[in-house]
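Rule-based calculations on the coordinates, nothing more; no lab input. Keep in mind the model is a prediction, meaning the values are calculated, not measured. Cβ: placed from backbone, ideal geometry, glycine included. Neighbour counts: every protein chain shown.
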Number of protein chains: 2
Amino acid sequence: MAVSIKDIARLAGVSHSTVSRALRNSPLIPARTAQRIQKIASETGYSASAVARSLVMRKTHALGVVVTSIADPFNGEVVNGIEEIANRHGYSVILANSQANPDREVTVVRSFRERRVDGILVASSRVGALYVPLLSELQIPIVLINNHHPSEFVHSVTIDNVQGAYDATRYLIELGHTKVAYLGDRFGLQSDTERFSGFEKAMHEAHLPVRKEFLLRGDGKPQGAMTAAAELFSRPKQPTAMFCYNDMSALGVLQEAESRHISVPGDLSLAGFDDIFFAPLLKPPLTTIRQPKREIGERAAELLLAVLGGEQTEKTVVIRGELVVRGSTARLSSERR
Amino acid sequence: MAVSIKDIARLAGVSHSTVSRALRNSPLIPARTAQRIQKIASETGYSASAVARSLVMRKTHALGVVVTSIADPFNGEVVNGIEEIANRHGYSVILANSQANPDREVTVVRSFRERRVDGILVASSRVGALYVPLLSELQIPIVLINNHHPSEFVHSVTIDNVQGAYDATRYLIELGHTKVAYLGDRFGLQSDTERFSGFEKAMHEAHLPVRKEFLLRGDGKPQGAMTAAAELFSRPKQPTAMFCYNDMSALGVLQEAESRHISVPGDLSLAGFDDIFFAPLLKPPLTTIRQPKREIGERAAELLLAVLGGEQTEKTVVIRGELVVRGSTARLSSERR
DNA sequence: CTGAAAGCGCTTACAG
DNA sequence: CTGAAAGCGCTTACAG
């Protein structure tokens, strides 16, 4: 059995109350006594029980983090940021994958609740809407990442989707493109709606039409985008540029274009969103809106910790993305105008 | 305050012992009473405290998982596998990044210990050797992933590095290559040593020389490989094929080759190890040894759970990788023999 | 079947 | 400064 405070008390010839105080450096205990007790503790290999402490303190110093999949490199970086901040403040991270599966989400939330986590971070944009009612009744502070549904216990940190999409589209327009397609997501995500509205805004501002035949829907992954692109490419009217909901989708378009000998950016300028780590490694390297993933995780954890500390905080933190221009976009050649 | 067993006892007019039994479906309690109590529990939104239960049961149903970085997609998939199995068995995963930083490792282990995790999984090959003494004195069962240092409390699950490297090298030789380079890692990792020995074995078997000038050292990441490749490429003698310690390194070689107009696979056949998710997306797609990452995570978690369940298990599970042939390798053209 | 009691390993108000 | 006591929310052996 692990050595407890009582064992140390016996060895030191004091009460366990005194041991507890000495170990926590209570000002009540004179330095010499404290040192003596601490020495015994370290000699016996004592390790305080966080579970006993949690029970009496009613605070676990644990944060629950839900992601759709931790294998997604995007989430990995966000969680990295979260973990960094949590660690720095003495909090542990309990990780759970929801797999975008509603049953799993319920299980996960129930488990977090039983474990009495002090706060919850949700980094899975697929599910925010579902979570809110479930989470709200928990009375546990929550920070949603890239998904805002503000309510009393729910805060959020998100990328500025409208601005990012606007910046990307605007850039394509500045390159001379007028026939610009938008490849979105079919799951009705808030981020898709917002990115589309940024796209629309840029088009409207430039007095360019948003043509229905240039509005496509993928699934946020290469496969869905390939299918959507294949359908577009087989039609007579073609855009000269395309803004994709995310990089994974742009990747699918790139593969489909390649197999059809459609040159990017020669025939089609392509821009994505996220700047996942292989975006610069693609052929051609992908122009995209960079989300500072790690920073997003850090800010989310900081916000949650601030809320836990009883600080007055803002409900929502919006972080601006950055347009990263690479080789997948080019000026529209004059003969193609 | 959250409702406790006592509150329910009061509402049901029974003792809290009875409530506890009813909630755990003890056979001592008649079905009707149990149902009545359970109904009250659910109406009041009762959630059992895992921390109180952990204290009395001396079991937290929590597993500590250490990774160098969760942002590494390789680790992400492994952790995904771990989490899946843990979840299925009612265990939670406490995640910690070590950042390959010894101080962090000590902190992480201490924190896992204080939290009284039931077992620990270490998925960071960089540090296994350091961990073992630290971990062994914990008396907590441990499973090391891709890093074996067996001892009483330490088990491991690893890819078969020797076999994988042998398979890859053998394949290059079968393509007619005789001048085959090995690009390893400079940190003295066990996996590097093993992969090198698989490479050597294949070369020896084919009676081919392992030339010193074709032995390079990177850092496991694209950057280090680029530097090493740059140096090789600037020398007069060139290999016609190269086996890289991992895909990240192969990626660096690919980039360096491209910038020097060295064709892959025309001038140089290139093979990696891992099959990280963008390997098939590279130009050309990378030939590599696939590690079943998710399965590795699952097997590791299963092994740990078996140990926790007191089962008699094997100390080490070795999983075989699979050669995946793609476009980065080609038969040596006859005029280059 | 059911309750009172003890105990898991701590923290801290209270009394000295 | 220090200890005895109570309590955090549970589980379960013991006695009825």
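Quick notes on this structure:
- The GNM of chain B, with springs linking C-alpha atoms under 10 angstrom apart, assigns the highest mean-square fluctuation among B:261, B:16, B:207 to B:16.
- Spin-label model distance (nm) - residue B:33 vs residue A:100, 7 Å beyond Cα toward Cβ: 4.9
- Amide H contacts of residue A:217 (H built 1.01 Å from N, under 5 Å, at least 5 apart or other chain): A:184
- Residues in the range B:12-28 carry Karplus couplings, in order, of 8, x, 10, 7, 5, 5, 5, 4, 4, 5, 4, 5, 9, 6, 5, x, 6 Hz; the curve used is 6.51 cos²θ - 1.76 cosθ + 1.60 with θ = phi - 60°, and Gly or Pro positions show x.
- ³J(HN,Hα), Karplus 6.51/-1.76/1.60, whole Hz, each residue of the range B:101-113, x for Gly, Pro: 9, x, 4, 4, 4, 5, 4, 4, 5, 4, 5, 4, 5
- Shape call, the range A:44-111: gyration tensor on alpha carbons, a/c limit 1.5: oblate
- Inter-copy separations for residue A:333, label at 7 Å along Cα-Cβ, nm, ascending: 2.9
- Three-way shape call for the range A:103-204 based on the alpha-carbon gyration tensor, with the a/c threshold at 1.5: prolate
- Cα shape, chain A, gyration tensor, a/c 1.5 rule: prolate
- On the principal axes of its alpha carbon atoms, the protein assembly as shown extends 84, 69, 54 Å, with the longest extent given first.
- Sorting B:214, B:74 from the fewest to the most surrounding beta carbons within 10 angstrom yields B:214, B:74.
- Most fluctuating residue given options A:168, A:86, A:48, as computed from a GNM of chain A linking Cα atoms under 10 Å: A:48
- Residues whose amide H lies under 5 Å from that of residue B:317, counting only those 5 or more places away or on a different chain, are B:156, B:157, B:158; hydrogens are built 1.01 Å from N in the peptide plane.
- Label 7 Å beyond Cα on the Cβ vector: residue B:188 copy-to-copy distances, nm: 5.9
- CD proxy at 222 nm, helix term only [per DSSP H run n ≥ 4: -39500 (n - 2.57); per residue of chain B; nearest 500]: -13500 deg cm²/dmol
- Copies compared at residue B:311 - label distances in nm, ascending, label defined 7 Å from Cα in the Cβ direction: 4.7
- Exposure proxy shown here: for B:3, B:108, A:132, the number of other Cβ atoms within 10 Å sets the order, fewest to most, as B:3, A:132, B:108.
- In terms of distances greater than 23 angstrom between alpha carbons, the cross-link table entries A:201/A:221; A:201/A:315; B:212/B:237; B:201/B:283; A:293/B:283 yield A:201/A:221; A:201/A:315; B:201/B:283; A:293/B:283.
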